[in-house]
Amino acid sequence: MPHRVHNFNAGPSTLPVSVLERIQSELLDFAGLGASVIEVSHRSQEFMRLVEETREQVRRLMNVPASHAILFCHGGGHMQFSAVPLNLLGLKPARKALYVDTGNFALRAIEDASRQGYIRTIASGRNTDYDRIPELEPGDLDPDASYLHLTTNNTAMGTRWNAWPDAGAIPLVGDMTSDILSRRVEVSRFGVIYASAQKNVGIAGVSVVIVRKDLMGHALPGTPSLLDYRQLHEDGSLTNTVPTFTLYVMKLLLEWLDDQGGLEAMEQANARKAKLLYDVLDRGAYYRAFAHRAHRSDMNITFTLPDAARLERFLAQAHENGLYALKGHSFRGGVRASIYNAMPEAGVRALAEFMTEFERRNG
Amino acid sequence: MTERVFNFSAGPATLPLSVMERVRDELLDFGGLGASVMEISHLAPEFKAILAESERLIRELLAVPQGYQVLFCHGGAQMQFSAVPMNLLRLKPARKAAYVVSGNFAGRAAAEAGRFGVVEVVATSQATGHDRIPEVDTRALDPGSSYLHITGNNTVMGTQWREYPQVSGMPLVVDATSELLSRPLDFSRIGVIYAGAQKNFGPPGVAVVIVRDDLLGHGLPNTPKLLDYARLATDHSLGSTANTFSIYVTWLMLQWIRDQGGMPEMRARSEQRAKRVYEALDRHAGFYRPHAQPGHRSLMNATFRLASPELEDRFVRESEAQGLYGLKGHKVVGGIRASLYNAMPLEGAQALAEFMQDFARRNG
């Protein structure tokens, strides 16, 4: 048996052992071809079937309506920070978009979009140190805006949106990089949903983009072909050589997710796992949760300790105990436990026990 | 397990068995971390070491001089079809670029650049079905052009520049997707050279871009951050989550290339492989109809037709039955294409040559 830790990385992140073992067992021979999945053409029948099946899995698991297309795009969520404005700003003559600043990655999305048009931040969590999702004022929903952008789960902050704002006719765009396929979402509420794969659906290198079909075809002049949603849709996402291995791992992850009982079961399991940690945090004043109770994420649990010395000791001793990568994002500091779909409940229990024990010894 | 085939795919392409076995063996536990290399952060010291070591190996293997950046980008070479004009057109006020159209991908690169500025096709081999590298009079180039773009090896056509042109007054940009790290380079001629990894040095999902320092910082204002060379250089290619697995396999491939003897050895092997296949073609001239003119033949991709599509289908079918995989030509040229990149063993080229002779005898 290979040595395995409990890996709380925020992404790339842990994968189910059964998936890793399957990859390992067929690494040198994909689909009986006598060649690895890494070595076959993205246009071979076998691989094109895999792409089609992956798309169908996403459609089925997320219940994506026929009004929306499912694309696979090079790069992760960051590439979409540019692709979204390039594709959507042209929907209205003002080339304007509305963003909600809920933390680090929302800020980066705003920064990148600002290269393409007029970007207005209509609400920000900055005043409360991003411990919650800010309230939107209905008057801020400027009807001339081409879209409204949200970050549905804030990986660095440990907060999430629990209800979607009503933006009327303005298409809603959701960066779901750290919570796609972790909970049920009514896809029809969104114009565009995007997410990189390396948190809940596989490994780094590709993003899933779900686009309402009437929003395609408005790309700004000067949009790179590989970021143009309509082009990708016409080409079945195979405009050029795709990151084949990344898509292959995504397909295995989706099959695994299906075997676990689909999205509803996954959502329940994620809530159960998160509760194990939040219960420890709420039991006393030793650990301090960053996120406001009503906005807590089930994916990234962020907290801090009474002082810097104990924080350092916590991280070092956790590591020694096989609890890996708990250091918080540099933007936030403290501790962050990322517990995506593939994190087993046993890993979360181990962390909860470690936290209890650490508090007892260092209280 | 099915026996390993000789895989002549044009890319993604075959990898050395020793590399694949190493990937397999450490798939669940990389370097004693207790996690797969796919599961660790791109900012973890272990991954940063892989990236830094990959860069160092590229510099060593290609003798990249000081004053060049080595960048790792998402999206393969085709993303560079956009990135190159976005980064370089503004070098001169006319926002114009010169392209040599020597085949399918060169044509796509030129068309994509047209989205961002003025493209002048300064030479094309279209009239002869791209069976050769067209002549370029580099002294006649418009000095107002920001750069000259060529495609070093034409994967679809099976043609290759013997030597890159010497250009003055503007940088030379080379799409070396299907030849980078198969032969030594003369950087005194090169401003930018780029390649998707999935042919000679890794799996798809990452492109290596080598850029001369003075060409950084001229990007169009709307250049996406992840395509902006200056930004990638500042961020050491880690401005976003990198394609960690592809870079890891690339790192293993670069070590393999070094251990085999580096560029001189890679070039010698590709000459030997190509010689086997072209000799078989020439021995049965008439039966096999090579696409490329003799002086322009690629060492990477050998392309040829047979008398009829039916015969070509039979060739593909029978070769596959003998463990020779991926020989069907690209849809633009049709016929047969044998891709003979770094990781193809000489025995593979030999087996193909023997099959070709046998097939010609039986069907000639």
Qualifying position, being at pLDDT below 95 and polar (S, T, N, Q), among A:Ser44, A:Ser114: A:Ser44
Enumerated strands (runs of 3 or more DSSP E) restricted to segment A:65-158, each holding at least 1 residues that are within 18 Å of A:Tyr229 (Cβ to Cβ) and open to solvent by less than 20 Å² (accessible area, probe 1.4 Å): A:68-74, A:96-101, A:148-151
Pairs where the first residue, in segment B:26-49, is of a type in the set (Val, Ile, Thr) and the second is part of a loop (DSSP other than H, G, I, E, B), C-beta under 6 Å, 6+ apart: B:Val37/B:Phe30
Check on B:Leu17, under 15 Å from B:Trp256 (Cβ atoms) and open to solvent by 20 Å² or more (accessible area, probe 1.4 Å): yes
3 or more residues open to solvent by 10 Å² or more (accessible area, probe 1.4 Å) and touching a strand residue (DSSP E or B) at 6+ places or on another chain (Cβ under 7 Å): qualifying strands (runs of 3 or more DSSP E) within segment B:104-212: B:118-124
Filter result for the condition that a residue is part of a helix (DSSP H, G or I) and within 14 Å of another protein chain (Cβ to nearest Cβ), over A:Val37, A:Val51: A:Val51
Neighbours by Cβ (under 9 Å, 6+ apart or cross-chain): first from segment B:1-18, farther than 10 Å from A:Glu39 by Cβ; second modelled with pLDDT under 95 and of a type in the set (Lys, Arg): B:Leu17/B:Arg4
Residues satisfying the stated conditions in segment A:210-259, i.e. at pLDDT 95 or above, over 25 Å from B:Thr241 (Cβ atoms) and surrounded by fewer than 20 Cβ atoms within 10 Å (Cβ to Cβ): A:Arg212, A:Lys213, A:Asp214, A:Gly217, A:His218, A:Leu220, A:Arg230, A:Glu234, A:Asp258, A:Asp259
Flag if A:Ser25 is among the small types (Gly, Ala, Ser) and within 30 Å of A:His329 (Cβ to Cβ): no
Test: residue in segment A:327-335 that is under 17 Å from A:Val17 (Cβ atoms) and not in a helix (DSSP H, G or I): no
Residues that are in a loop (DSSP other than H, G, I, E, B) and more than 7 Å from chain B (Cβ to nearest Cβ), drawn from segment A:11-32: A:Pro16, A:Glu26, A:Phe30, A:Ala31
Of all residues in segment A:106-129 being of a type in the set (A, V, I, L, M) and in contact (Cβ under 8 Å) with a residue 60 or more places away in the chain, the one that is farthest from A:Phe331 (Cα to Cα): A:Ala109
Residue check, B:Trp251 under 17 Å from the mean Cα position of the chain (by Cα), open to solvent by 10 Å² or more (accessible area, probe 1.4 Å) and more than 10 Å from chain A (Cβ to nearest Cβ): yes
Pairs with Cβ under 6 Å, 6+ apart, first in segment A:58-82 and at positive phi and away from chain B (no Cβ under 14 Å), second modelled with pLDDT of 95 or more and buried (at least 24 other Cβ atoms within 10 Å of the Cβ): none
One residue from A:Ala285, A:Ala294 being part of a loop (DSSP other than H, G, I, E, B), more than 30 Å from A:Val19 (Cβ to Cβ) and hydrophobic (A, V, I, L, M, F, W, C): A:Ala285
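The values are calculated or read from the model by the stated rules, or taken from the named source; none is laboratory data. Not measured: the values here are computed from a predicted model. Cβ sites come from the backbone with ideal geometry, for glycine too, and all protein chains shown count toward neighbours. These accessible areas exclude ligands, DNA and RNA; they are computed on the full protein's heavy atoms, side chains included. Shrake-Rupley method; radii C 1.70, N 1.55, O 1.52, S 1.80 Å.
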